[in-house]
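The values are calculated or read from the model by the stated rules, or taken from the named source; none is laboratory data. The shown structure was predicted, so the numbers you read here are calculated from the model rather than taken from an experiment. Note that each Cβ is placed from the backbone with ideal geometry, even for glycine, and that neighbours are counted across all protein chains shown.
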Amino acid sequence: MGLMENFQALKSTTVEELQEQADEIDYLTPRELGKLLKVHPQQVYAWIRKGVFEAEKCKCGRTVVCVSKAKAAMEKKARELGRFVDPALDPKYQPDEETE
């Protein structure tokens, strides 16, 4: 399969299909992860170089990323930077108890 066929195959893959693949096998290529997260693939490679999350080599030699570890690392980084507050951890967002 040539480069153009690979590119066309990725373009025709929907985000829903990528999410399904991530749920099933938990590994995606950096390009697929970028499409799933709606960021440029080079941003994913930059996160790998900076050590935000790790990449692995699969048996065929392709670079793959564990999606669950990558998402957890990104949430942790967002919390450290103050960009993400989990509503379950913030008492301000807790629902009021019902009074009878």
* **Flag for GLN43 being within 17 Å of ALA73 (Cβ to Cβ) and touching a helix residue (DSSP H, G or I) at 6+ places or on another chain (Cβ under 9 Å)** => yes
* Please state which of the following conditions ALA70 fails to meet, knowing it meets all the rest: (1) closer than 15 Å to ARG31 by Cα; (2) surrounded by 13 or more Cβ atoms within 10 Å (Cβ to Cβ); (3) free of Cβ contacts under 8 Å to residues at least 12 places away in the same chain. => (3)
* To do: Just give me the residues in segment 2-61 being among the small types (Gly, Ala, Ser), on the phi < 0 side of the Ramachandran plot and modelled with pLDDT of 90 or more, in sequence order.
  => GLY34, ALA46, ALA55
* Name the pairs: first residue in segment 7-22 and assigned to a helix (DSSP H, G or I), second residue among the hydrophobic types (A, V, I, L, M, F, W, C) and at pLDDT 80 or above, Cβ to Cβ under 7 Å, at least 6 apart or on different chains? -> VAL15/LEU36; LEU18/LEU28; LEU18/LEU36; GLN19/LEU36; GLN21/LEU28; ALA22/LEU28; ALA22/LEU36; ALA22/VAL67
* Mind listing whichever residues of segment 29-61 are closer than 19 Å to THR13 by Cβ and surrounded by fewer than 12 Cβ atoms within 10 Å (Cβ to Cβ)? => LYS38, GLN42, CYS58, CYS60
